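The structure appears right after this line, and notes come after that.
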Amino acid sequence: MIKKIYRRIKDFILDAGFWIGARYIYKELIVPFLFSIGIVTFVLLINFLIREIDRLLGKDLPFGIVMEFIGLNLMHIIALSVPMAVLVACLMTYGRLSEDNEITAMRSSGISFISILRPALIFGTVVAILMIFFQNNVLPHTNHKARLLTGDIKHMRPDLKIEPGYFMDDLDQYSIYVKRKDKKLLKNITIYNKDASKTQETIYADSGRIEFVGDKLLFHLYSGEIHRLEMETMDEYRIMKFKKHQVALNVDDRYIDRRTEGRRGDREMTISMMQNRADKYKNRMQKIDKKVEKLVKERLNAEPPSSRKKIPKYINKIKEQKKKELSEAEYKKEESRLNTLKNRLKAEMNLKQSYKEQVYKYRVEIHKKISMPVACIVFVLIGAPLGIMTRKGGIALASVISLLFFIIYYVFLVGGEELADETIVTPFWAMWTPNILLFIAGLFMIHLIERDRKTIEFQFLKKLISKDNGDDQ
């Protein structure tokens with residue numbers, strides 16, 4: 001069985017790479033591919049520099065630092081431009097071959113459309129493999145260096161660069177989690193004390209802001225609660241509500257200097273690094289489940305519900321039952337005990353949800369490092385038949401059509417990432433749905449080509465492009 005599969009793969013590669021028409025198609029693909037990478041990368045780089053120009057102006061930076069800043073940030077731009085360049089190259093190549101009736105000549109000679117498509121599939125697969133290596137082994141390190149250099153240019157400590165949706169563990173006393181950020185205002189803040197040997201303190205705030213006062217970092221927090229649990233007795237659980245609260249944190253001045261290493265975000269990690277982080281947070285979630293199960297068994301003398309979200313309702317039912325069975329004085333004491341347990345379990349479940357969001361974030365990035373390079377193959381299935389159906393290989397039309405498809409792909413990708421970050425959909429479906437949808441669309445267009453269906457003229461795009469060219473003249 002294995003030999004049979006190997007033989008088929010070998011025949012596929014040999015058929016794709018060594019017949020005369022295949023070598024001709026390879027040559028036709030390379031030039032527009034390289035040209036498209038240059039154009040797309042240049043456009044995206046200009047857009048990036050316009051957004052980041054404020055960080056460079058007025059800093060009196062050496063030319064070498066400026067070029068390093070541009071070069072490091074260029075890497076993530078290339079990760080976006082390569083899949084789009086594959087799409088443009090396939091549209092231009094197969095569009096020109098169709099326009100010059102070379103596709104018709106090949107098919108008249110008994111060559112199937114799948115055989116004509118194979119060189120592009122091999123080309124897309126090679127590019128995809130190289131991009132997977134690039135995404136996992138090159139891009140994380142350049143992203144990390146780019147972020148560190150950006151912080152050094154701005155003369156900002158990393159503790160000022162609080163990234164929404166991630167735990168910040170750089171400070172000695174506290175671990176900080178911010179869900180959203182609106183300019184300088186932080187939203188949905190959670191602060192945990194690291195030294196919980198005597199007292200475990202958790203601070204929740206609806207919003208807040210940070211301010212430096214000397215060597216202190218002040219957190220101004222608004223509308224929140226402070227949860228404190230005495231670890232020695234495990235019974236005294238207090239909740240203090242506040243409208244305004246301040247937390248002063250010590251900051252080490254070494255962060256001002258140029259750094260070569262620092263904490264890494266998910267886009268600055270390899271797949272193995274992110275998998276280790278995801279496993280770590282998953283283990284923490286399991287520990288919370290065991291702690292919740294133990295608390296329910298010890299304090300309620302019962303098995304916890306199958307769904308942890310049902311625990312508050314379960315405790316409310318117990319309270320209603322106790323109200324009927326106990327006297328008023330006994331019920332008040334029991335109600336206080338159950339409310340304390342309920343608040344503590346609720347805090348544990350909130351912490352578990354935060355860990356779950358971390359697991360999803362890392363797994364989203366793991367899938368993205370593979371799904372985006374694989375899009376190079378999917379774009380071959382879209383670009384080649386679409387190029388034949390448009391019957392024009394010009395760069396203008398190919399660029400417009402490629403841009404439309406890439407926008408559709410990117411909107412699905414970003415939307416899926418947002419849904420996965422909120423734990424609404426799984427990381428797999430969030431990152432692979434765009435590829436699956438375009439793969440189906442590509443197979444449908446290949447089916448139309450094989451059935452000799454009529455071409456797509458895209459008259460409205462041609463008129464728009466010709467009109468713009470006329471206006472420019």
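Pick from the stretch 322-370 the residues that are aliphatic (A, V, I, L, M) and over 30 Å from Gly265 (Cβ atoms): which of them is surrounded by the fewest Cβ atoms within 10 Å (Cβ to Cβ)? Residue satisfying both the conditions and the ranking: Ala329. Of the residues making up the stretch 288-309, those that are exposed (fewer than 12 other Cβ atoms within 10 Å of the Cβ) and assigned to a helix (DSSP H, G or I) are Lys290, Lys294, Glu298, Lys309. Number of residues in the stretch 314-361 that are without any contact (Cβ under 8 Å) to a residue 60 or more places away in the chain and touching a strand residue (DSSP E or B) at 6+ places or on another chain (Cβ under 6 Å) equals 0. Restricting attention to the stretch 175-204, and to residues there that are in a strand (DSSP E or B) and among the hydroxyl-bearing types (Ser, Thr, Tyr), which single residue is farthest from His220 (Cα to Cα)? Only one residue fits best here, namely Thr199.
Annotation note: Cβ proximity below 6 Å between a residue of the stretch 284-296 that is assigned by TED's automatic domain parsing to the domain that holds Ile311 and a residue that is of a type in the set (Ser, Thr, Tyr) and surrounded by 17 or more Cβ atoms within 10 Å (Cβ to Cβ) (sequence gap 6+ or interchain) occurs for Arg284/Tyr355; Met285/Tyr355. In the set (1) crowded, with 19+ Cβ neighbours inside 10 Å; (2) in a loop (DSSP other than H, G, I, E, B), Leu61 fails one condition alone, (1). Here Ile111 fulfils each of the conditions (1) within 12 Å of Gly21 (Cα to Cα); (2) part of a helix (DSSP H, G or I) apart from (2).
Between Ala441, Ala384, Ala347, Ala420, the distinction of being out of contact with any helix residue (DSSP H, G or I) (no Cβ under 9 Å at 6 or more places or on another chain) and farther than 21 Å from Ile77 by Cα belongs to Ala347 only.
Quick one: is Ile116 hydrophobic (A, V, I, L, M, F, W, C), buried (at least 21 other Cβ atoms within 10 Å of the Cβ) and more than 23 Å from His76 (Cβ to Cβ)? Break it down stepwise before answering.
Numbers: hydrophobic (A, V, I, L, M, F, W, C): yes; buried (at least 21 other Cβ atoms within 10 Å of the Cβ): yes; more than 23 Å from His76 (Cβ to Cβ): yes.
When the stated conditions are applied, Ile116 passes them.
Looking at Arg96, Arg51, just one residue is in a helix (DSSP H, G or I), closer than 27 Å to Lys369 by Cα, among the basic types (Lys, Arg) and assigned by TED's automatic domain parsing to the domain that holds Phe134, and that residue is Arg51.
Pull up the stretch 227-270, narrow it to residues that are of a type in the set (S, T, N, Q) and at pLDDT below 75, then point me to the one that is nearest to Ser175 (Cα to Cα).
By that ranking, first place goes to Asn250.
The values are calculated or read from the model by the stated rules, or taken from the named source; none is laboratory data. Quick caveat: nothing in here was measured; it's all calculated off a predicted structure. Every residue, glycine as well, gets a Cβ built from its backbone with ideal geometry; the counts of neighbours run over all protein chains shown.
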